[in-house]
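Worksheet: one structure, shown below.
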Amino acid sequence: MNKIKIFAPATVANVSCGFDAMAFALEDLGDDMLFTKNDSGKVSISKIEGAKLPFETQKNAASFVADAMLKDSNATFGVEIEIIKNYKPGSGLGSSAASSAGAAYAINELLGRPYNKTQLTKFAMLGEEVACGSQIADNVAGVIFGGFVLICNYEPLDIVSIPTPTELYVSVLHPQIELRTEEGRAILPKDIPLKMAVAQWSNVGGLISGLHTSDYNLIGRSVVDHIIEPVRKKMIPHFDAVKKAALADGALAVGISGSGPSIFALSKGEAQAKSVAESFKKTYTNKGIEFTTYVSKIGTQGVRKI
Ligand code: HSE
């Protein structure tokens, strides 16, 4: 194989209760990337559309990951990368993760698949460190495994795929303001009261159970964040109003996507998810902030060849 074109999906990390431990992929929203082998022995980026991102190999998440993999596998070929970003970085929808995990997947294909999904996630985490300062696994695992993922352990990395109920849809509101993940992490508490921790891990358990049994009401009751949302929502204009209106409209749950500013809602069925997206629009119209909404099925496939 000399070249590969891939689609790397956007992801919703944390899913409210599972900070740094859970994520899911969207089906339709994401980036397109083209990887072409050459004889240079080096990784280069020839095109980036849709976002202002660095072209330098060691500063761009995708090329950094590609370079690390070619070195690790003692490959003799080089790779040229083209990146088409279909949504903005700093959205809370795992933009850097789509680039990092997209590169990990594509380079593995060009190498003849020497690495498994967990190893690919580890490589992609290097890209997350380049982009946002921490080796976070949730978004990149969501891209590589698809569907819902649970990071059971970071050291050693242990990722489990969780089943996706067939009628589960996500609506996303993306206010066009940029929140950097680094900033969104700097404001978080270092310690939390035991009572809060108990409520949070009970919710993670409830969510995992709800996903396994397609218990939509249990999913809704469990996608609640006692720890991170109260701190981060202050950086997202009109968060409480958006959440209240979407829940009144029939959403199962509403929360912050990753480190924000995007807000996600889970719904049973596409019609309900579309109605929630309308509710998002209604709340954000005439507020002086540009925004985009999306409705998607949960993307059970994750990153793929196109
Ligand atoms: N779990 C990470 C965070 C995801 O919330 O900071 C970053 O998008």
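Across the chain, the relative contact order, built from alpha-carbon pairs under 8 Å that are at least six residues apart, equals 25 percent.
Modelled this way, with points 7 Å down the Cα-to-C-beta line, the labels at LYS3 and LYS274 are 3.7 nm from one another. Summarising the label geometry, the points placed 7 Å from Cα in the beta-carbon direction at ASN153 and GLN119 lie 1.9 nm from one another. On full extension, the segment bounded by ASP215 and LYS281 gains 21.0 nm, given 0.36 nm per residue less the C-alpha separation.
Comparing VAL15, VAL160, VAL204 in a Gaussian network model of the chain where C-alpha atoms under 10 Å apart are linked, the largest mean-square fluctuation is found at VAL160. If one computes the Cα centroid of the range 42-58 and of the range 247-306, what distance in Å separates the two points? With the range 42-58 and the range 247-306 each reduced to a Cα centre, they are spaced 30 Å.
Normalising the Debye intensity of the chain to I(0), with uniform scatterers on Cα atoms only, and taking log10 at q = 0.08, 0.12 Å⁻¹ returns -0.32, -0.73. GNM on the chain, alpha-carbon springs under 10 angstrom: the most fluctuating residue among SER267, SER16, SER134 is SER134. Of the chymotrypsin sites (Phe, Trp or Tyr not before Pro) found in the range 72-133, those that fall in a DSSP loop while having at most 16 other beta-carbon atoms within 10 Å are PHE77. Please identify which residues in the range 140-169 have an amide N closer than 18 Å to a label point set 7 Å out from the Cα of ILE306, following the Cα→Cβ vector. Hits in the range 140-169 for ILE306 at 18 Å: 143-147. The orientation-averaged projected area of the convex hull spanned by the Cα atoms of the range 1-122 comes to 7.3 nm². Among GLU129, GLU167, GLU155, the largest mean-square fluctuation in a Gaussian network model of the chain, built with springs joining Cα atoms closer than 10 Å, belongs to GLU155. Can you list the HN-Hα couplings for the range 275-287, worked out from phi with the Karplus curve (6.51, -1.76, 1.60; θ = phi - 60°), rounded to whole Hz and with x for Gly and Pro? Values per residue, Gly and Pro as x: 5, 5, 4, 5, 5, 4, 4, 4, 5, 8, 5, 6, 9 Hz.
At most 16 other Cβ atoms within 10 Å and a DSSP loop assignment: could you name the trypsin sites (Lys or Arg not before Pro) in the range 244-306 that fit? For trypsin sites (Lys or Arg not before Pro) across the range 244-306 that sit outside H, G, I, E and B with at most 16 neighbouring Cβ atoms in 10 Å, the list reads LYS287. Inter-part distance, the range 4-26 to the range 68-88, computed on C-alpha centroids, equals 21 Å.
Looking at the range 23-92 alone, DSSP beta bridges between its own residues are antiparallel in about 55 percent of cases.
Judged by the gyration tensor of its Cα atoms, with axes a ≥ b ≥ c, the range 198-270 is oblate; a/c meets the 1.5 cut and b/c is at least as large as a/b. Hull volume per residue, based on the alpha-carbon atoms of the range 111-235 and their convex hull, is 154 Å³.
Straight-line reach from LYS122: taking Cα to Cα under 20 Å and skipping same-chain neighbours fewer than 8 places apart, the lysines in range are LYS59, LYS71. What a 1.4 Å probe finds exposed on the range 166-306 is 53% carbon and sulfur by accessible area, rounded to a whole percent. The loop-placed GluC sites (Glu not before Pro) in the range 173-264, going by DSSP, that have at most 16 neighbouring Cβ atoms within 10 Å of their Cβ come out as GLU178.
The values are calculated or read from the model by the stated rules, or taken from the named source; none is laboratory data. Keep in mind that this is a model prediction, so the values were computed, not measured. Cβ sites come from the backbone with ideal geometry, for glycine too, and all protein chains shown count toward neighbours. Remember, those area values only see protein heavy atoms, side chains included, never the ligands or the DNA or RNA. Shrake-Rupley method; radii C 1.70, N 1.55, O 1.52, S 1.80 Å.
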